[in-house]
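The structure appears right after this line, and notes come after that.
The values are calculated or read from the model by the stated rules, or taken from the named source; none is laboratory data. Computed from a predicted structure; not experimentally measured. In this analysis, Cβ positions are derived from the backbone assuming ideal geometry, glycine residues included, and neighbour counts consider all displayed protein chains.
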Amino acid sequence: MEAKLMDRIKEQLVRHEGLRLKPYRCTAGKLTIGIGRNLDDSGISQSEAHIMLINDIMNCEKQLQAKIPDIYDGLDEVRKSVLLNMCISIPQSCKWIVSDFVRALLCGNPATSVSMACLASRTLWLL
């Protein structure tokens, strides 16, 4: 496809469909997002899913670096991975991660960390 045609159709579709960043039901009742992407019939591609995942990981890391920079930046790759995984898998956990509770878990003494880890595992099941 020629670039000129691509630009033209993109401009038309943005104007006609609009840009919606959250899913909604179109006039035909189909779950839709973006610029007329019919999720019910088309879904997303594997590459789109990976792009979204990369964006989610980067957004979670920005949140953690903004909220607990001294703690997050001092963690090894395994512990960062755990926090990022929690942040994405359990969206409510991002607030929980930056709490005093988790700060103590990440920086506290071993005895405190063990008891907090037990409590944390029970708490996560309740989310």
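Of the conditions (1) surrounded by 15 or more Cβ atoms within 10 Å (Cβ to Cβ); (2) at pLDDT 90 or above; (3) not charged (D, E, K, R), residue 87 clears all except one; give me its number.
(2)
Give the residue, chosen from 71, 9, 54, that is over 18 Å from the mean Cα position of the chain (by Cα), at pLDDT 95 or above and assigned to a helix (DSSP H, G or I).
Criteria check complete, one pass: 9.
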